Amino acid sequence: VTDETQTKDLSYTVEYYKNGVKVTEDTQTVKDTVQVLKPDTLTVDKSNINTKDKYVGYKFEKTNPTEIPNTIENGSVIKVYYVKGTYKYTVNYYYDNVIDKDSTDTFEAKYQDVITTYEQKVKTGYVLDKVTGLDLTISADESKNVINVYYKKAKYSYVVEYYYDNVLEGTKTDTFEATYNEVIETYKDKVITGYKLDKVEGTPLTVTEIATNNI
């Protein structure tokens with residue numbers, strides 16, 4: 001009769017890989033003890049092999065063997081491969097703190113890639129104010145993958161010139177600074193004895209990026 005006290009130990013191993021690199025600490029060894037006359041095979045516990053979502057930011061790629069068997073030879077190894085997933089990231093553009101949705105860009109990058117650049121989209125009369133979100137390390141949570149670029153109105157000089165009998169008096173010229181598209185309607189009166197105001201040219205003055213127009 002079969003002697004059930006005579007036994008042997010069988011086992012198989014499940015290994016996990018991230019981008020081709022073995023994750024040693026996640027290796028699973030499945031053991032079983034059977035009577036010595038039984039075949040050197042084990043039933044595979046498929047429910048204990050993760051081929052879906054074992055690692056945040058990674059997606060399942062394949063197994064070796066390609067199909068996980070129901071039974072396996074003693075000493076066999078099942079390899080499970082994961083690769084970095086691809087996730088979206090967004091670059092928003094703000095002008096005077098108002099988002100311009102037509103300028104928004106959406107890109108894709110691999111998990112944990114580091115994004116250090118963005119496209120400059122400065123508009124006439126604006127300068128870069130600040131950028132938030134750089135350097136951006138791509139996360140599996142796409143809501144965190146955001147770069148915000150802020151532009152503000154630039155400042156430009158404008159000049160007030162004074163003429164006496166149509167001759168420029170350079171010592172009285174004033175130079176000021178104002179933001180793009182600011183409207184200037186006032187000036188300092190510099191009338192001198194014996195003179196009266198004849199006319200004023202250039203008011204109201206809308207400040208632009210063109211210096212020769214800001215007079």
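The values are calculated or read from the model by the stated rules, or taken from the named source; none is laboratory data. Note that the coordinates shown come from a computational prediction; the quantities given were computed from them, not determined experimentally. Here the Cβ is made from the backbone with ideal geometry for all residues, glycine too, and neighbour counts use every protein chain on show. SASA here: full protein model, heavy atoms, side chains in, ligands and nucleic acids out. Shrake-Rupley method; radii C 1.70, N 1.55, O 1.52, S 1.80 Å.
When the residues of the range 76-98 are filtered to those that are touching a Ser or Thr at 6+ places or on another chain (Cβ under 7 Å) and surrounded by fewer than 15 Cβ atoms within 10 Å (Cβ to Cβ), which remaining residue is nearest to Asp9 (Cα to Cα)?
Val77
So, in the range 40-60, how many residues would count as being open to solvent by 100 Å² or more (accessible area, probe 1.4 Å) and under 30 Å from Ile138 (Cα atoms)?
Selection size over the range 40-60: 4.
If you take the residues of the range 58-96 that are aliphatic (A, V, I, L, M) and more than 21 Å from the chain's Cα centre (by Cα), which of them is farthest from Val34 (Cα to Cα)?
Checking each candidate, the answer is Val80.
Considering (1) within 16 Å of Tyr58 (Cα to Cα); (2) loosely packed, with under 12 Cβ neighbours inside 10 Å, say which one Asp135 fails and leave the rest.
So the condition that Asp135 fails would be (1).
Which residue is surrounded by the most Cβ atoms within 10 Å (Cβ to Cβ), if the candidates are limited to the range 172-215 and must be hydroxyl-bearing (Ser, Thr, Tyr) and more than 46 Å from the chain's Cα centre (by Cα)?
Tyr187
Please indicate, with yes or no, whether at least one residue in the range 8-26 is aliphatic (A, V, I, L, M), assigned to a strand (DSSP E or B) and touching a residue at least 60 places away in the same chain (Cβ under 8 Å).
Taking the range 8-26 first, the residues aliphatic (A, V, I, L, M) are 10, 14, 21, 23.
Subset that is assigned to a strand (DSSP E or B): 10, 14, 21.
Those still in the list that are touching a residue at least 60 places away in the same chain (Cβ under 8 Å) too: 10, 14.
Yes, some residue in the range 8-26 is aliphatic (A, V, I, L, M), assigned to a strand (DSSP E or B) and touching a residue at least 60 places away in the same chain (Cβ under 8 Å).
For the list (1) open to solvent by less than 60 Å² (accessible area, probe 1.4 Å); (2) aliphatic (A, V, I, L, M); (3) assigned to a loop (DSSP other than H, G, I, E, B), I need the number of the one condition that Val1 fails.
Among (1) open to solvent by less than 60 Å² (accessible area, probe 1.4 Å); (2) aliphatic (A, V, I, L, M); (3) assigned to a loop (DSSP other than H, G, I, E, B), Val1 violates only (1).
Those residues that are within 30 Å of Gln112 (Cα to Cα) and of a type in the set (D, E, K, R), I need them from the range 1-44; list them, please.
Glu15, Lys18, Lys22, Glu25, Asp26 - these are the residues of the range 1-44 that are within 30 Å of Gln112 (Cα to Cα) and of a type in the set (D, E, K, R).
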